[in-house]
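Right, one structure below, let's go through it.
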Amino acid sequence: MKVHLRKRKQSKKGQISLYLEIYKGYEKTPDGKTKVNRDYEYLDLYLHDKPKDDSERQHNKEHLGLAKSIKSQRELDIKKGQYGFTSTVKRKADFLKYFNMLAIDREDSGGNYGNWKSSIKHFTDFAGATKTFNEIDEKLCKGFLSYLVKKAKTSSNNNLSSSSVASYFGKYRACLAQAVKDKIIPSNPCDDLTMPKVEESKREYLTFEELKAIVKAECRYDVLKRAFIFSCLTGLRWSDIHKLKWSEVQQNQDGWKIVFHQKKTKGLQYLDLSSQAKEYLGPPAGSDDRVFIGLRYSSYMNVALQQWMMRAGIAKQITFHCARHTFAVLQLSLGTEIYTLSKLLGHSEIRTTQIYAQIIDAKKKEAVNKIPNISI
């Protein structure tokens with residue numbers, strides 16, 4: 001962010017033109033190249049190339065002095081926020097207030113909103129409740145990333161997973177990117193930071209025998225039991241089950257189906273229901289009523305879920321999302337083709353579904369190695 005006074009020789013007139021080159025940083029082009037941003041201001045001031053007398057030398061001195069004065073004025077203008085540079089007033093603004101404002105704009109986006117709020121919570125734990133944009137530099141960004149990796153904890157006091165670190169820091173980085181667009185800061189101090197590699201987490205699921213066991217076991221909340229098993233039989237996410245209304249449950253000559261917009265992707269989904277999945281919906285109600293009334297994402301329901309699993313003799317760490325994994329693994333185990341499963345799960349890319357195929361491949365390898373050594 002500098003202003004340079006430049007000279008350009010005018011060969012025809014034997015004069016030197018004076019102009020300002022205003023360096024405004026750089027940006028990455030879509031093809032990965034670096035593009036330098038510059039503005040030019042031609043001052044309509046000239047110097048004699050080779051002054052012949054005192055008059056021309058005096059002329060050069062006065063015009064050069066005037067050009068330097070204009071240069072100084074432009075440097076002052078930059079500090080005041082002109083020429084596309086941010087103002088010092090804006091940079092004294094409350095960063096966390098701005099961060100919260102962007103989060104509120106995403107309040108209707110379910111899990112995405114939750115990730116924004118979690119990012120704000122962890123940043124506040126790390127840096128305190130008051131930070132101006134002036135204080136957000138690369139050193140602070142590095143410190144926050146290190147904090148997420150090494151010190152930040154989940155609500156159950158565990159370290160964050162690599163995917164959570166990537167998500168929370170990604171929201172923080174996106175906030176700063178928006179601040180650049182809003183001309184609050186000149187550049188994003190996170191741009192040169194390398195994100196830690198996201199490690200593929202183990203996808204826990206229930207076997208068919210374990211699924212039969214939880215059907216028989218008692219659960220404190222009937223709505224939780226019905227919703228979880230319904231997810232095991234359909235692959236629906238918690239967010240879609242939670243908001244499911246009776247108006248989305250439809251019957252035709254071929255049977256039952258639900259027609260809904262996925263909360264995560266906003267895509268319209270048509271999902272046929274098996275007769276046993278339909279049973280777990282419970283008795284029908286008004287079209288605007290939720291199907292699973294009373295289903296909530298809360299600590300006490302999470303505890304009830306774990307207690308239910310224990311009663312069924314299952315020692316795995318099961319979350320509600322494991323029901324979706326259970327559906328996927330069971331379908332592949334029973335021979336469902338992966339493209340069909342991708343459509344049933346509502347995945348936009350088949351490579352997302354292929355993760356479950358890796359689980360099946362591992363199980364196949366485990367199975368062939370179960371045969372005892374026949375040479376002993």
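The values are calculated or read from the model by the stated rules, or taken from the named source; none is laboratory data. Not measured: the values here are computed from a predicted model. Note that we place each Cβ from the backbone using ideal geometry, even for glycine, and neighbour counts take in every protein chain shown.
Identify the residue in region 286-299 that is surrounded by 11 or more Cβ atoms within 10 Å (Cβ to Cβ) and modelled with pLDDT under 90 and, among all such residues, is farthest from the chain's Cα centre (by Cα).
R296
State the number of residues belonging to region 332-342 that are in a helix (DSSP H, G or I) and farther than 10 Å from T353 by Cβ.
Summing the residues that are in a helix (DSSP H, G or I) and farther than 10 Å from T353 by Cβ in region 332-342 gives 1.
Scan region 310-326 residue by residue and report those that are aliphatic (A, V, I, L, M) and either modelled with pLDDT under 90 or more than 15 Å from V223 (Cα to Cα) (or both).
Those that are aliphatic (A, V, I, L, M) and either modelled with pLDDT under 90 or more than 15 Å from V223 (Cα to Cα) (or both): M310, A312, I314, A315, I318.
With respect to the numbered conditions (1) more than 38 Å from the chain's Cα centre (by Cα); (2) assigned to a helix (DSSP H, G or I); (3) at pLDDT below 80, which one is the sole condition not fulfilled by K12?
Checking K12 against (1) more than 38 Å from the chain's Cα centre (by Cα); (2) assigned to a helix (DSSP H, G or I); (3) at pLDDT below 80, the one that fails is (2).
Give me the residue from region 125-143 that is touching a Lys or Arg at 6+ places or on another chain (Cβ under 9 Å) and of a type in the set (S, T, N, Q) and, out of that set, modelled with the lowest pLDDT.
My answer is N134.
So I120 fits all but one of (1) among the β-branched types (V, I, T); (2) at pLDDT 90 or above; (3) not in a helix (DSSP H, G or I); what number is the exception?
All conditions pass for I120, except number (3).
All but one of (1) on the phi > 0 side of the Ramachandran plot; (2) not assigned by TED's automatic domain parsing to the domain that holds G114 hold for D192; state the number of the condition that does not hold.
The number of the failed condition is (1).
Which condition number in (1) under 16 Å from the mean Cα position of the chain (by Cα); (2) exposed (fewer than 14 other Cβ atoms within 10 Å of the Cβ); (3) at pLDDT 90 or above is the one that S146 fails?
Just one mismatch for S146, condition (1).
In region 218-229, how many residues are in contact with a Phe, Trp or Tyr (Cβ under 8 Å, 6 or more places away or on another chain) and either free of Cβ contacts under 8 Å to residues at least 40 places away in the same chain or buried (at least 16 other Cβ atoms within 10 Å of the Cβ) (or both)?
8
Can F327 be described as part of a loop (DSSP other than H, G, I, E, B) and either hydrophobic (A, V, I, L, M, F, W, C) or crowded, with 19+ Cβ neighbours inside 10 Å (or both)?
no
Quick one: count up the residues across region 300-337 that are touching a residue at least 60 places away in the same chain (Cβ under 8 Å) and at negative phi.
Here the count works out to 26.
Got at least one residue in region 271-287 being in contact (Cβ under 8 Å) with a residue 40 or more places away in the chain, under 16 Å from F230 (Cα atoms), polar (S, T, N, Q) and assigned by TED's automatic domain parsing to the domain that holds K225?
The answer is yes, given that some residue of region 271-287 is in contact (Cβ under 8 Å) with a residue 40 or more places away in the chain, under 16 Å from F230 (Cα atoms), polar (S, T, N, Q) and assigned by TED's automatic domain parsing to the domain that holds K225.
Regarding L66, is this residue over 30 Å from I136 (Cβ atoms) and at pLDDT below 90?
no
Scanning region 246-264 for residues that are of a type in the set (S, T, N, Q) and over 18 Å from T340 (Cα atoms), which turns out farthest from the chain's Cα centre (by Cα)?
Filtering region 246-264 down to residues of a type in the set (S, T, N, Q) leaves 247, 250-253, 262.
Checking the rest, the ones that are also over 18 Å from T340 (Cα atoms) come to 247, 250-253.
On the way: S247: 32, Q250: 34, Q251: 37, N252: 39, Q253: 42 Å.
For region 246-264, the residue satisfying everything is Q253.
Does C232 fit the bill of being crowded, with 16+ Cβ neighbours inside 10 Å and more than 20 Å from S333 (Cβ to Cβ)?
Judged against the criteria, C232 is not a match.
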